[in-house]
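Here is the structure we will look at, set down as structure tokens.
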Amino acid sequence: MEEAIKVLQHAEVVLMKKIRAMKDGKPKYAASERLNELRMAIHILKTHGELDMMMAEEEDAILVEQFTQHPPQAKA
């Protein structure tokens, strides 16, 4: 996930440099739209990564609670 974010951030920087060099007009607006799409993709990936970490922490808490309320019993 981190590698994808790094690649998208690099593409964002490259596209920003290209936009700065362009003259005003239709190509500049099209590139600006692509830049916005890249930024949205980066934001989505970062949010997804944060949600994954939160879900893993929550899952651990649920397991601890379950084993506290219903401890495992050995059968001999």
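Read-outs: derived from the displayed coordinates by stated rules, not from any lab. Everything quoted here is computed from the prediction, not taken from an experiment. Virtual Cβ from ideal backbone geometry, glycine too; neighbours counted across all protein chains shown.
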(request) For ARG39 and LEU63, compute 0.36 nm times the residue count separating them, minus their Cα-Cα distance, and round to one decimal in nm. (result) 5.0 nm
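About its Cα centre, what dipole magnitude does the range 2-69 give when the only charges are +1 on Lys and Arg Cβ and -1 on Asp and Glu Cβ, stated in debye to the nearest 20?
Numbers: 10 positive and 13 negative charges, 248 e Å.
Here the size comes out at about 1180 debye.
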(message) Among GLU58, GLU12, GLU37, which one shows the highest mean-square fluctuation when the chain is modelled as a Gaussian network with alpha-carbon springs under 10 Å?
(response) GLU58
(request) Compare the Cα positions of GLN73, HIS43, MET22 along the charge dipole of the chain (+1 at Cβ of Lys, Arg; -1 at Cβ of Asp, Glu; about the Cα centre) and return the one farthest towards the positive end. (result) MET22
(request) Could you tell me whether the chain comes out rounded, prolate or oblate from its Cα gyration tensor? Rule is a ≥ b ≥ c as square roots of the eigenvalues, rounded for a/c under 1.5, then prolate if a/b exceeds b/c, otherwise oblate. (result) prolate
(request) Taking the Cβ of LEU8 as the centre, find all other residues whose Cβ is under 14 Å away and add up their charges (Lys, Arg: +1; Asp, Glu: -1). (result) 0
